[in-house]
Amino acid sequence: MTARLDRAADQLLQAEMGTTYSRFLTLLAVQQGAQSQRGLAAWLGITEPSVSRMVGVLAADGLLEVSTSPGSGNRRHLHLTAAGEALVKRSSHALEDRFTRWSSRAESPTTTTRPTPSG
């Protein structure tokens, strides 16, 4: 069921927000306190090289700022840009709205509603 919900979330975000569920989760993790690539990898449960690639993409898209502090070695600090904050907010609302509708209708996120026969 989780995989189906993840796929449904990914389809919704791609269609309505122009982003993927994994990018949304990455931005959400930073918003929720994952301030380094290592912390982000732990939060997401993926490898640091995977996080590094995702951080590069999100930074290039203007959604994430990456900075280093003198004396911190290779440690990179992550912060959402205003555009990243806005995307997380819009995406969160879209997902919450859709999941609420799915659960209130007790229908699967991957099935379509069929009209019931009147009679």
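Every read-out reported here was derived from the displayed coordinates using simple, explicitly stated rules and does not represent laboratory data. Given the structure is predicted, the values throughout are model-derived calculations rather than measurements. When we count neighbours, we look across all protein chains shown, and the Cβ atoms used for this are built from the backbone with ideal geometry, even at glycine.
Taking amide hydrogens as placed 1.01 Å from N in the peptide plane, the amide H of Leu80 sits under 5 Å from those of Glu65, each at least 5 positions away in sequence or on another chain. Could you point to the residue in Gly62, Leu87, Val51 farthest towards the positive end of segment 9-93's charge dipole, with +1 and -1 charges on the Cβ of Lys/Arg and Asp/Glu respectively? My answer, from the dipole projection, is Val51. Could you state the angle between the C-alpha long axis of helix 21-31 and the longest principal axis of the C-alpha atoms of the chain, as a value from 0 to 90 degrees rounded to the nearest 10? The answer is roughly 50 degrees. Based on Cα contacts under 8 Å between residues 6+ apart, the chain shows a relative contact order of 25 percent.
Once the Cβ-Cβ distance of Ser52 and Met17 is raised to the sixth power relative to R0 = 22 Å, the FRET efficiency obtained is 0.40. Angle of helix 2-17 to the longest C-alpha principal axis of the chain, folded into 0 to 90 degrees and rounded to 10: 80°. Considering helices alone, the calculated mean residue ellipticity of the chain at 222 nm is -19500 deg cm²/dmol, with DSSP H runs of length four and up weighted by -39500 (n - 2.57) and normalised per residue.
Taking a Cβ cut-off of under 14 Å around Val57, the surrounding Lys, Arg, Asp and Glu residues balance to a net charge of 0, with basic ones at +1 and acidic ones at -1.
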